């Protein structure tokens, strides 16, 4: 399991090679790459992500472990960036390796839904109108609820 919180950008192809290196039991890899987007009518200059070192990694590891216990996960990676990011920059990568696509897709979606609502990141958007802190959207909270069965 790979869990990283970092300022530098990531290379998803290199990470995939790292997950499958020396393995022949992986039949599927599902991944999600999140980008900084500008949803508001007010142009986004940047988004700054802050975290609490140690606590954030532990929370991400816990989310990943829950996915690995629930589905047939052979390996996985969660990379989340911090610092100042511009629109269209990569912000998060979740990659799940499994023998079968169903487990890979479900675990990947589960990790993202929990990451959006439970991971201790603080996001501040800066635009021409100033700065504002961003909280979880209602749609993210509802997405997470579907896994609470």
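The values are calculated or read from the model by the stated rules, or taken from the named source; none is laboratory data. Since the structure is predicted, the reported quantities are computational estimates derived from the model, not experimental observations. Every residue, glycine among them, receives a Cβ derived from its backbone with ideal geometry; neighbour counts consider all protein chains shown.
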field: residue 143 vs. criteria under 22 Å from residue 73 (Cβ atoms), in a helix (DSSP H, G or I), out of contact with any strand residue (DSSP E or B) (no Cβ under 6 Å at 6 or more places or on another chain) and modelled with pLDDT under 80
entry: yes
task: Determine whether residue 74 is in contact with a helix residue (DSSP H, G or I) (Cβ under 9 Å, 6 or more places away or on another chain), in a strand (DSSP E or B) and either under 27 Å from residue 125 (Cβ atoms) or free of Cβ contacts under 8 Å to residues at least 40 places away in the same chain (or both).
output: no
Unique residue being touching a strand residue (DSSP E or B) at 6+ places or on another chain (Cβ under 7 Å), touching a residue at least 12 places away in the same chain (Cβ under 8 Å), crowded, with 16+ Cβ neighbours inside 10 Å and more than 16 Å from residue 7 (Cβ to Cβ) when the list is 112, 47: 112
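From 81, 137, grab the single residue that is surrounded by 14 or more Cβ atoms within 10 Å (Cβ to Cβ), out of contact with any helix residue (DSSP H, G or I) (no Cβ under 7 Å at 6 or more places or on another chain) and either without any contact (Cβ under 8 Å) to a residue 60 or more places away in the chain or within 23 Å of residue 1 (Cα to Cα) (or both). Break it down into steps so the answer makes sense when it comes.
Numbers: 137 fails: surrounded by 14 or more Cβ atoms within 10 Å (Cβ to Cβ).
Being surrounded by 14 or more Cβ atoms within 10 Å (Cβ to Cβ), out of contact with any helix residue (DSSP H, G or I) (no Cβ under 7 Å at 6 or more places or on another chain) and either without any contact (Cβ under 8 Å) to a residue 60 or more places away in the chain or within 23 Å of residue 1 (Cα to Cα) (or both) holds for just one of 81, 137, which is 81.
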message: Please verify whether residue 143 is under 16 Å from the mean Cα position of the chain (by Cα) and more than 30 Å from residue 24 (Cβ to Cβ), treating the condition exactly as stated.
response: yes
query: So is residue 57 part of a helix (DSSP H, G or I), touching a residue at least 60 places away in the same chain (Cβ under 8 Å) and either surrounded by 13 or more Cβ atoms within 10 Å (Cβ to Cβ) or touching a strand residue (DSSP E or B) at 6+ places or on another chain (Cβ under 7 Å) (or both) or not?
result: no
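Just wondering, is there one or more residues in region 61-71 that are surrounded by 15 or more Cβ atoms within 10 Å (Cβ to Cβ) and assigned to a loop (DSSP other than H, G, I, E, B)?
Initially, region 61-71 is screened for residues surrounded by 15 or more Cβ atoms within 10 Å (Cβ to Cβ), giving 63-64, 66-68, 71.
Checking which are assigned to a loop (DSSP other than H, G, I, E, B) leaves us with 71.
Checked region 61-71: at least one residue is surrounded by 15 or more Cβ atoms within 10 Å (Cβ to Cβ) and assigned to a loop (DSSP other than H, G, I, E, B).
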